[in-house]
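Encoded as structure tokens, the structure appears first; notes follow it.
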Amino acid sequence: MTFIFLTIRESLRAISHRFISFLGSVLTVFLATLIAGSFAIVTKNISASIDKLKSEASLEIYLESDIDSLTREKLQDLLVANKYILRIKFITKDMALYKLREAFGPEMIAGLKTNPLPESYEVTLDPSVYEKDNFEKLVDSLYGFAGVEDIGYVPTIISRLKMIFRLVTVLGLTMGVLVIVATGFIVGNTIGVTISERRLTFYIMRLVGASESFISSPYLLMGFLISLLGSLLSIGMLKIGTMYFSNHVISVNYLSAIETICFIVGCSMVGLVGSHIALRKYSERF
Amino acid sequence: MLIIRHLKKSYHYGSSDKPVTPILVDVSMELGKGEMAFLVGPSGVGKSTLLKMIYLEEKPDSGEVILGPFNFTHIKKNQIPVLRRQLGVIFQDFKLIPERTARENIALALEVVGKSKKEISSRVTDLLRLVGLLDRRNNYPDQLSGGECQRVAIARALANEPLLLLADEPTGNLDHDNSQSLLELLGRINVRGCSILMATHNIALIAQMPYRKLFLSNGKIRENEN
């Protein structure tokens, strides 16, 4: 009879022998991987939000009302030469007023006798400006340029998101390590108990000349199945959760196909390693 | 075929710096191909220890065990399963897997060596016929008597046509009639060419049997002792 057939048969025999324990392990792995998967999705979405904000990042450089054309041209040259600035667009007072009316309606400017809005430059930034403290340095340097009255920007959202991202990443990595250890431990423990209960079968198999790979492969398969089923359940649950969240609350990115495969394969490998360690630990006793 | 030379074995009880208890002091013996012998001695004298060293469950402190082409002194770990396929072992407590039928218990020994389904089916039927349990093939061990369980264990031990059948107190859990019946079965198996070494403390049971008797006492073997 083929090795694979016998491995599957013996594995199913071991699972049916301790089905409740097997089911409990699958559910525990499911919960552990569900937490890890949730962190992965949250991290991914925060990262995506930061990237989106970075790509849309811009500044408004408001010019002094009495700026002369020479100073403005010098300022323009300085802005164009800056490595963190991708594009600049000069906004006249009329254009600024038009934009305000477009944004808030004609009532907003109905009472104005003169146009109070300053000339400005709309500056599109390179995303690398958000690395380290480049952004703060850029803003500080722009304030030092002649003709600059004020600068409008929204750095706080990005810096807060970056802080949350760092926090979630650290938490996610910590959870990831804990989940790896927990999954390995849960699977290993289940395999260990199963082996302990089937020590007579182990002993007889050795006595009749079974190789170690023949004896251990059904239990490796069992450990693999526990973590595979657990991770498949959590991936399914995460998919349903993100779909529900996207439909009812806010659009959320799910894991990509590659990330999903890596998640399932990674979890399954952890189960395989856990059962291998358990086999080494327990099987030598019998 | 089986050669044992100057085998020594001691046990440490508790920590390794405690005094050792010698079990086998200097055991030497030979068993020819197709020969049957009884290893006789009171309980605790080291009969099971000697058998365990033959089926490689324990290692001797020194000495040599040679079975056919295998010298156990130099055997590698991955060769142990190959060697065990040359041996059949039966025990006092049968060691049958309770959740498998008689047929499945015997088939296990053939499955592990990679026999085909057809070969397994045919060989298991032959073995069940040999031990007289063909009609009980689908019974689980707890549905069989002690004598029947021991017959299933013998059938499993013979599955791979071993060079040597080791029997460790196989009649220990059987009544007199079943013990006699088992010895007759072992005799028939021996006639087919399988060497047999059976450990027993029951001298009365084997006294009239026409086979060699090896007496183990004080860690040494003496033959045909009164």
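Structure data summary
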quantity: Euclidean distance between Cα centres, segment A:189-203 to segment A:1-80, Å; calculated: 39
quantity: Cα centroid of segment A:97-140 to Cα centroid of segment B:172-226, whole Å; calculated: 104
quantity: Karplus-derived 3J(HN,Hα), 6.51/-1.76/1.60, for each residue of segment A:162-175, Hz, glycine and proline x; calculated: 5, 5, 5, 4, 4, 4, 5, 5, 4, 4, x, 5, 4, 4
quantity: Rounded tilt (10° steps) of B:117-130 against the dominant C-alpha axis of chain B; calculated: 80
quantity: Residue (of A:Ile67, A:Leu79, A:Ser49) at the positive-pole extreme of segment A:49-96, dipole from beta-carbon charges; calculated: A:Ser49
quantity: Percent of beta bridges antiparallel (DSSP, the protein assembly as shown, rounded to nearest 5); calculated: 65
quantity: Hits among lysines - C-alpha to C-alpha of A:Lys132 under 20 Å, sequence gap 8 or more where chains match; calculated: A:Lys52, A:Lys54, A:Lys83, A:Lys162
quantity: In degrees, nearest ten, helix A:257-283 long axis to first principal axis of chain A (Cα); calculated: 30
quantity: Shielded by partner chains, segment A:201-216 residues - at least 50 Å² of accessible area, 1.4 Å probe, vs chain alone; calculated: A:Tyr203, A:Ile204, A:Leu207, A:Val208, A:Gly209
quantity: Dipole-positive endmost among A:Ile261, A:Val26, B:Tyr140 within the protein assembly as shown (Cβ charges, Cα centre); calculated: B:Tyr140
quantity: Neighbourhood net charge (12 Å Cβ-Cβ; Lys/Arg +1, Asp/Glu -1) for B:Thr200; calculated: 0
quantity: Using θ = phi - 60° and Karplus 6.51 cos²θ - 1.76 cosθ + 1.60, couplings along segment A:229-238 (whole Hz; Gly, Pro as x); calculated: 5, x, 6, 5, 4, 5, 5, x, 5, 5
quantity: Coil-residue trypsin sites (Lys or Arg not before Pro) of segment B:35-77, DSSP, other Cβ within 10 Å capped at 15; calculated: B:Lys76
quantity: Per residue solvent-accessible surface (Å²) - chain B, probe of 1.4 Å; calculated: 46
quantity: Acute angle (nearest 10 degrees) that the helix A:69-81 long axis makes with the longest principal axis of chain A, alpha-carbon atoms; calculated: 20
quantity: Loop-located trypsin sites (Lys or Arg not before Pro) in segment A:113-201, at most 11 other Cβ atoms within 10 Å (DSSP); calculated: A:Lys113, A:Lys132
quantity: ³J(HN,Hα), Karplus 6.51/-1.76/1.60, whole Hz, each residue of segment B:72-81, x for Gly, Pro; calculated: 5, 4, 10, 6, 8, 4, 6, 8, 4, x
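The values are calculated or read from the model by the stated rules, or taken from the named source; none is laboratory data. Note that the structure is predicted; figures quoted are calculated from it, not measured. Please note: Cβ atoms are built from the backbone with ideal geometry, for glycine as well, and neighbour counts cover all protein chains shown. Protein only, heavy atoms only, side chains kept; ligands, DNA and RNA dropped before computing areas. Shrake-Rupley method; radii C 1.70, N 1.55, O 1.52, S 1.80 Å.
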